[in-house]
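This report refers to the structure that appears directly beneath it.
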Amino acid sequence: MAIERTLIIVKPDGVQRGLVGQVIARFEARGLRIAGLKLMHISRELAEQHYAEHKHKPFYESTVKYITSSPVVVMVLEGPDAIAAARATLGATNPLNAQPGTIRADFGLNISRNIAHGSDKLETAEREIALYFKPEELLSYQRAGDVWLIE
Ligand code: CMP
């Protein structure tokens, strides 16, 4: 089990609907550790960088417009297989396909308003983390409970 870092964004719908605490609580309860956290308003330029791989998709423009429409909470989570663990906790991209018990199934109905984003693989996580955080904004530390999470 490799210790990984992943980028999570609580999107404008998550912030506007007052779900930030519940989203973070699920990741924390799972055992992932917060390495970095901030509230910010994503600029058009940053959104274009973030969603560059979707540039030619039909949903690109609306997705960029939406993610820049209101503040978001961005965080880096750290832990064993953090990328896959966080994605499982988020559920499928389309909330209608997500399993009950996941964030997207429990809080959402629409693929364009799917509450939170999570990096999909290691290279993406490294690229996305660098877009939102300076290295000195990320902290590695042990929590008292960490020894009770992994054998
Ligand atoms: P996210 O994980 O942030 O990555 C790309 C985003 O594009 C996705 O979540 C959705 O919010 C948004 N999106 C809108 N329509 C689609 C679609 N048809 N397929 C995939 N992503 C979509």
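The values are calculated or read from the model by the stated rules, or taken from the named source; none is laboratory data. Owing to the predicted nature of the structure, the values given are computational and were not obtained by experimental measurement. Ideal geometry is used to build each Cβ from the backbone, glycine not excepted, and the neighbour counts take in all protein chains shown.
In the stretch 74-94, is there at least one residue being part of a loop (DSSP other than H, G, I, E, B), within 13 Å of the ligand (Cβ to nearest atom) and on the phi > 0 side of the Ramachandran plot?
Within the stretch 74-94, the first condition is being part of a loop (DSSP other than H, G, I, E, B), and the residues that meet it are 81, 91-94.
Applying the additional criterion that residues be within 13 Å of the ligand (Cβ to nearest atom) yields 91-94.
Of the ones still in play, those that are also on the phi > 0 side of the Ramachandran plot are 91.
Yes.
Just to be sure before I move on: is Arg33 touching a residue at least 12 places away in the same chain (Cβ under 8 Å), within 16 Å of the ligand (Cβ to nearest atom) and more than 12 Å from the chain's Cα centre (by Cα) in the structure I sent?
Details: touching a residue at least 12 places away in the same chain (Cβ under 8 Å): yes; within 16 Å of the ligand (Cβ to nearest atom): no; more than 12 Å from the chain's Cα centre (by Cα): yes.
No: the conditions fail for Arg33.
Where the second residue is modelled with pLDDT under 95 and in a loop (DSSP other than H, G, I, E, B) and the first is over 14 Å from Arg26 (Cβ atoms) and among the charged types (D, E, K, R) and lies in the stretch 79-93, which pairs have Cβ atoms under 9 Å and are six or more apart or on separate chains?
If the second residue must be modelled with pLDDT under 95 and in a loop (DSSP other than H, G, I, E, B), the pairs left are Asp81/Met1; Asp81/Ala2.
Restricted to the stretch 109-123, and to residues that are near the ligand (Cβ under 7 Å from one of its atoms) and under 10 Å from the mean Cα position of the chain (by Cα), which residue is nearest to Ala88 (Cα to Cα)?
Initially, the stretch 109-123 is screened for residues near the ligand (Cβ under 7 Å from one of its atoms), giving 111-112, 114, 117-118.
Those still in the list that are under 10 Å from the mean Cα position of the chain (by Cα) too: 117-118.
Values: His117: 12, Gly118: 10 Å.
Residue satisfying both the conditions and the ranking: Gly118.
If I filter the stretch 51-62 for residues that are modelled with pLDDT of 95 or more and surrounded by 19 or more Cβ atoms within 10 Å (Cβ to Cβ), do I get at least one hit?
No, because not a single residue in the stretch 51-62 is modelled with pLDDT of 95 or more and surrounded by 19 or more Cβ atoms within 10 Å (Cβ to Cβ).
Just for the stretch 95-104: of the residues that are of a type outside the set (Gly, Ala, Ser) and assigned to a loop (DSSP other than H, G, I, E, B), which one is nearest to Ile34 (Cα to Cα)?
First, the residues of the stretch 95-104 that are of a type outside the set (Gly, Ala, Ser): 95-97, 99-100, 102-104.
Right, trim to assigned to a loop (DSSP other than H, G, I, E, B) and you get 99-100, 102.
On the way: Gln99: 24, Pro100: 24, Thr102: 19 Å.
The qualifying residue nearest to Ile34 (Cα to Cα) is Thr102.
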